[in-house]
Amino acid sequence: MLGLLHGKLSTDCGAARARIDAHLLACWVNPALPDPLLVLSRSDTYHYHNLPDLSKYLRQALSSGDWGSNIVTSFMAVYCLQLKKQKRCFKETSLVERAGLINLLHGLLLGLYPYNTRHLNFEQRVKVAGALRVALVSGAQLDFILKNESLVQFAVVEYLANVLPDFFPVEDAMLVRGVQSRFSVNQVCENFRVLAMAAVQDTDMWSKLTELASLQLPALHRQLKVSNLKLVRRQAAQRIPAFVWPILTSEGFYDALLDLPVMPVTGSNMIAQIKLLFPDFDFAKLQAVEFLWSNVALSLLPQQTVDAQRKALRSHGSCQIYQRSLTTLHACLPCALRSKNSLLTQKFAYNCASDTLQCATCSRHTTPVHMLGRVLAVRDVSYYLCAGCLKPTVWKGDVSKCQGCEKKPERQDVSVCVACNKKAVEVIHKVIDLDTMRLAVTPLCFQHAKHCVVSRSTVYDTRSLMRELYSK
């Protein structure tokens, strides 16, 4: 039966693949007599939609420009920045990050993506699934990732090439040239899978696969340069150069600079391009302009977030003056560039004579920035308007509301049993709430805890647990 299903892997849109992969771990534990209890359900088996969601890390890196301090984004940088290798300076990694990267190897080696046509045979897939499970539970996930760096890099590139057009249209428009790019990258990965069939048979499987990936990476890098748009990495200076501050604070220079057209930052050296706009500026002034443009930028928010901001704005009435005050952020950009403090902590004074706001630090007139639908990046911090209350908030790339607007979970009474309202003596923390995808706190009395949870190794979700509790 499994052999018949395996013949339909490339023609049935993934249904046969999911049914086959449900048996991989059971056959790995006991090839001669697989235990039916170890056969995975359709929702838990290996398939495209069960791969980890790493979009949070991608959006944080895109919004902050920091690709090296996190192990996940350091692997993504090769795809997004078209680098052969990203310099990594992360000090620690979480279990979620390490497990997520290892999980992506399922997609690469088992061929789980929609347009994959080349697959390992069943015995090879069993060996891969078992070896990856050992890597996931070994406790040495970071050592495994760094030892097989080229192989993990292949898996991350194929993951991004498939999930971006399917689930992240905004990021896809920023990074990918067109639809054909996905198939070009997939073709390189398909060729890798064909060559990996022999490597999987080797006793030292991981070293052979990593060696093969290292040989194939140059071809993958060349394809990425052809298929993807080059994302410019914004270099935010750690401190303001000594010669820049006197120029920015000189009479009329900063005010004149705000009235001039802005050229998009296309590289690390913009002096030649800026010289075309300002032929009368000397070299020091050109460097001051380059520093300001490299460290202050405005970007557009996704349309969904913009619509939420407009809806919140309409709820505040139609007074034009009031709405303008809600959507305008006043800032003293020279002080923001010079200080490490947040833009949101700046203090201002109102000048009654000129009817303007002045910075309390340098007495310079503030710069009003219209923030509706925009993200203001100053050095390495981005700011936006909360979609719930329109309060200026630090943008982290994966939220549309500030912490004050996020719904907080209601406190749960853990003094009584959830099934019979008797006094609770046991609180279970390993029950999964499928609706919120969180571990639910479940207080139980002695009787229900003893018969339903404590004496068994079953992993419950909230619905199955309640069904069993009420059946007693």
Revision key, fill the gap. Here the residues within the stretch 133-154 that are more than 22 Å from N70 (Cα to Cα) and either buried (at least 22 other Cβ atoms within 10 Å of the Cβ) or of a type in the set (V, I, T) (or both) are V134
Practice item. Return the residue satisfying two criteria in turn: it lies in the stretch 33-55 and is charged (D, E, K, R) and at pLDDT below 90, and of such residues it is nearest to V378 (Cα to Cα). Key: D44
Exercise for review: Those residues that are within 30 Å of the chain's Cα centre (by Cα), free of Cβ contacts under 8 Å to residues at least 12 places away in the same chain and assigned to a loop (DSSP other than H, G, I, E, B), I need them from the stretch 14-43; list them, please.
Suggested key: S43
Review point. Of the residues V427, V418, which is modelled with pLDDT of 75 or more and in a strand (DSSP E or B)?
Key: V427
**Study point:** Within the stretch 177-194, considering residues that are under 17 Å from H106 (Cα atoms) and loosely packed, with under 15 Cβ neighbours inside 10 Å, the one farthest from the chain's Cα centre (by Cα)
**Key:** V194
**Study point:** Answer from M174, M205 - the residue that is modelled with pLDDT under 90 and surrounded by 13 or more Cβ atoms within 10 Å (Cβ to Cβ)
**Key:** M174
Point to revise | Residue within the stretch 14-32 that is surrounded by fewer than 19 Cβ atoms within 10 Å (Cβ to Cβ), of a type in the set (S, T, N, Q) and at pLDDT 85 or above present | key: yes
Exercise for review: Confirm whether Y350 is more than 32 Å from the chain's Cα centre (by Cα), in a strand (DSSP E or B), more than 25 Å from V170 (Cβ to Cβ) and not acidic (D, E).
Suggested key: yes
Exercise for review: Read through the list (1) modelled with pLDDT under 90; (2) within 21 Å of L108 (Cβ to Cβ); (3) under 12 Å from the mean Cα position of the chain (by Cα), then give the number of the only condition that R88 fails.
Suggested key: (3)
Study note, to complete from the structure: Residue pairs qualifying under the 8 Å Cβ cut-off, at least six apart or on distinct chains, with the first in the stretch 332-356 being under 13 Å from V381 (Cβ atoms) and the second being small (G, A, S) and at pLDDT below 90, are L343/A336; Q346/A336; Q346/A360
Check your understanding: Considering only residues of the stretch 81-95 that are surrounded by 15 or more Cβ atoms within 10 Å (Cβ to Cβ) and in contact with a Ser or Thr (Cβ under 6 Å, 6 or more places away or on another chain), which is farthest from G68 (Cα to Cα)?
Key -> Q86
Exercise for review: Could you figure out which of (1) free of Cβ contacts under 8 Å to residues at least 60 places away in the same chain; (2) acidic (D, E); (3) more than 21 Å from L120 (Cβ to Cβ); (4) surrounded by 17 or more Cβ atoms within 10 Å (Cβ to Cβ) isn't true of E158?
Suggested key: (3)
Exercise for review: Just give me the residues in the stretch 347-380 being crowded, with 18+ Cβ neighbours inside 10 Å, of a type in the set (A, V, I, L, M, F, W, C) and farther than 20 Å from Y254 by Cα, in sequence order.
Suggested key: M371, V375
Exercise for review: Please enumerate the residues belonging to the stretch 32-48 that are among the polar types (S, T, N, Q) and within 20 Å of N116 (Cβ to Cβ).
Suggested key: T45
Study note, to complete from the structure: Heads up, the helices (runs of 4 or more DSSP H) in the stretch 241-304 (entirely inside) with at least 3 residues that are touching a residue at least 40 places away in the same chain (Cβ under 8 Å) and of a type outside the set (A, V, I, L, M, F, W, C) are 283-295
Review point. Could we say that T210 is outside any helix (DSSP H, G or I) and either out of contact with any Ser or Thr (no Cβ under 9 Å at 6 or more places or on another chain) or surrounded by 14 or more Cβ atoms within 10 Å (Cβ to Cβ) (or both) here?
Key: no
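The values are calculated or read from the model by the stated rules, or taken from the named source; none is laboratory data. Every value quoted in this text rests on a predicted model; they were computed, and no experiment measured them. Cβ: placed from backbone, ideal geometry, glycine included. Neighbour counts: every protein chain shown.
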